Every structure is written in C-alpha cells, then in structure tokens.
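Take a look at the structure below.
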Amino acid sequence: MTMLGTPQHLIKRFFVSVFDQGYDKGIESNLLALLNGREKSLYYSQPRMDRLHSLRNAKSVIEETQTGYDNSLVVAAALHDVGKAEANLGVFGRVFATVLHGILPIEILESWNTKEGFRKNTYHYCFHSERGAALLEEAGSIPIVVTWARQHHNKQPDGAMTAEIFALLKRADQK
Ligand SMILES: [Fe+2]
Ligand SMILES: [Fe+2]
C-alpha cells in the first residue's frame, strides 16, 4: 500500500484553505481550459480545500517549467487527488484516517469497503489513489494523468513515467 501524507501536512493544508491562500483565478482559468468536461466535473467535485491544492500543484508545475510547460503535466498535477472527494472527510477525519492507515493491517482497511459511515469513508480516503486513477480513466484523461493519480503516494516511479517527471510532480504535491 502507498503512503498517505502526514497529519501535519493535512493540518497545514487546512489552514492554508481557511486563510484562502493559493486561490489563483488566473491559474484556475488556465487549468479549466485544459480539462475536458468530465475532468472539470471531477475538479469541481473536490471540496474547496482540495481545489486549492489542485491550483497550487498546477501553479508549481507552470512556474518550474516556465514557458515550456507541458499542459498534460499541469493537468496531472491538478487532478491527482480527485479520488479523495468520495471519502467526504473533513480535516480531522482525514487526520484520523491517516493515523489508522499507518497502524492497521491493509486487510482490515480493505474490508471497510463493505461497511458504512466513517469506516467506509476511511476506506475511500486510504485508497484514493486507485479510485482517482479509475475516475480519470473513465473521464478520458490521457495516460500520464491517470498514472500520476495512481502513483502520487509512491516513493519512486514504477516505470510508467520518468524519474524526472515523477520528481517534478512530487515537488508540486509537497508544497
Ligand atoms: Fe493523495
Ligand atoms: Fe496531493
């Protein structure tokens, strides 16, 4: 199983959201122009906290690659966490789910797919990489977008993307 972010990272993201840091209308309109209709729906399905995260990711890729940025990488950076939306957890629920993810056997977390309430939400949160990749595939996203959603919590690329692109997108996700 992949590693999720740390509780500290989640809390930082929450406060960034509360104080509205990172909402960049220019980046958002650039991003929306790159998305197909179903990708736009996935973008808007995210809670505000995650849409801000999408925009910071997109901005990081644009700034790092300057004039030669690759549109597909901007989309990949922006949409990698869309699988989280189904978890429907607030920041404290996410922190708790992240702690459980670190201490419970994977078999137990997988079995929560058949439960209801917090356990079901925790299942969706813990497996949001796989779910996001599936949603993006259904939305007709190109392979790099689907691959990054699937791999974004990995420590290394598995061969479906170059180490350079993996590192670029990873840096964006950690800001
Ligand atoms: Fe994630
Ligand atoms: Fe992320």
Pull up the cross-link candidates among the aspartates and glutamates for LYS59, meaning alpha carbon to alpha carbon under 20 Å and not fewer than 8 places away within one chain.
ASP20, ASP24, GLU28, GLU39, ASP50, ASP70, ASP81, GLU164, ASP173
Connecting C-alpha atoms closer than 10 Å in a GNM of the chain, tell me which of GLY90, GLY102, GLY117 has the biggest fluctuation.
GLY117
Shape of the range 75-139 from its Cα gyration tensor (a ≥ b ≥ c, root eigenvalues): rounded if a/c is under 1.5, otherwise prolate when a/b > b/c, or oblate?
prolate
Running Debye on the range 7-173 with equal point scatterers at the Cα sites and no solvent, what base-10 log of I(q)/I(0) appears at q = 0.11, 0.17 Å⁻¹?
-0.43, -1.06
Grab the DSSP H runs of the chain that are 4 residues or longer, score each as -39,500 (n - 2.57), total them, divide by all residues and round the 222 nm result to the nearest 500 deg cm²/dmol.
-20500 deg cm²/dmol
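In which sequence would SER129, SER141, SER29, SER45 go, from the one with the fewest C-beta neighbours within 10 Å to the one with the most?
SER29, SER45, SER129, SER141
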Any lysines whose Cα falls less than 22 Å from that of LYS120, other than same-chain ones fewer than 8 residues away, would be LYS84
Distance between the range 35-79 and the range 89-103 - C-alpha centres, whole angstrom
24
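A short reminder: the numbers here are calculations on the coordinates, not readings from a lab. Quantities reported herein were computed from a predicted structural model and do not represent experimental measurements. All Cβ positions, even for glycine, are placed from backbone atoms using ideal geometry, and neighbour counts span all protein chains on display.
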